[in-house]
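Written below as C-alpha cells is the structure these notes are about.
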Amino acid sequence: MIIYMFKIICVTNRKLCNEDFLDRIKKVLENKKPDYIILREKDLTEEDYEKLANSVKELCEKNDVRLILHSFHKVASRLGVNYVHFPLGVLRGIEKSELENLKYGASIHSLDELKEAVDLGVSYVTAGHVFLTDCKKGLPARGLDFLKEICDNSSVPVFGIGGINMENIDEIKETHAAGACIMSGFMRD
C-alpha cells in the first residue's frame with residue numbers, strides 16, 4: 001500500500017456562493033489554503049469558462065495553489081495549465097494525443113472504472129460519493145468501505161469526494177486516501 005501526504009482539493013461551484021465568485025476564491029486561497037482547486041463550472045461555454053479560468057489562474061498563482069481545470073483540456077493548453085479533471089465518460093472520448101503535456105485525473109465510482117481510468121493514463125482519481133451530499137441528491141452514499149477498497153487497489157493517488165467536511169475528514173484519512181475534495185465547505189461560509 002502506498003501512503004500519500006494528505007491533500008485538500010477545493011472543488012468550485014459558483015452557484016453555492018453568497019458573494020462574488022472571484023472574491024470567494026480569493027478568500028479560500030488566502031484563508032483556507034487548499035492544495036489544489038478544481039474549477040468545476042460545468043454549465044459554462046468554453047469561451048466563458050476560459051475567461052473565468054484565466055482569472056482563477058491568476059489568483060492561484062499569487063497564492064501558490066495548483067489549478068486543475070475541469071473537462072476543457074484545450075483551454076488548459078491555451079492557458080498553460082497543466083492539470084485537467086474529467087468525468088470518466090468524457091475522458092473515454094478524447095484521443096490520448098490531445099492530452100500530451102497534460103496531467104489528468106478522472107471521477108470514478110467502482111473498481112472497474114478505476115482500472116479503466118488507469119488504463120486511460122490518469123495520474124489520480126476522485127472516488128465517490130463517499131457521504132450523502134446535495135450534489136447527488138437522492139443517491140445513496142458509497143461509504144468509507146468503498147473508498148478504502150478503491151485506495152487499496154489503486155496504483156494512482158485516490159481523493160475521496162462527496163459530502164466531506166471538517167467533521168468527517170479524519171474518516172477519509174483512515175482509508176489511506178491521498179486526500180479529500182470539499183465543495184460546500186469552501187464555497188459557503
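FYI, it's all coordinate maths here, none of it is from the lab. Not measured: the values here are computed from a predicted model. Note: ideal-geometry Cβ built from the backbone for every residue, glycine included; neighbour counts use all protein chains shown.
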Electrostatic dipole magnitude of the chain [Cβ: Lys, Arg +1; Asp, Glu -1; Cα centre; debye, to 20]: 240 debye
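Can you check how the C-alpha radius of gyration of the chain compares to 2.2 N^0.38 Å, as a plain ratio? Before the final figure, lay out the partial values.
On the way: Rg = 15.7 Å, N = 189, 2.2 N^0.38 = 16.1 Å.
Its radius of gyration relative to the 2.2 N^0.38 Å reference: 0.97.
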Farthest toward positive dipole pole in region 7-187 [+1 Lys/Arg, -1 Asp/Glu at C-beta], among V65, N82, G128: V65
Two-site FRET efficiency, D145 against F6, from Cβ-Cβ distance with R₀ of 25 Å, rounded to 0.05: 0.85
Antiparallel DSSP beta bridges within the chain, as percent of all bridges there, nearest 5: 0 percent
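I need to check one value: relative contact order of the chain, counting alpha carbon pairs closer than 8 Å and at least 6 residues apart, in percent. Spell out each step's value before the answer.
Numbers: 335 pairs, mean separation 44.3, N = 189.
Value for the chain: 23 percent.
Per DSSP helix of 4 or more residues, -39500 (n - 2.57); summed, then divided by the residues of the chain. What does that give at 222 nm, rounded to the nearest 500? Walk me through the numbers before you get to the answer.
On the way: 8 runs with 64 residues, N = 189.
The helix contribution divided over the chain gives -9000 deg cm²/dmol.
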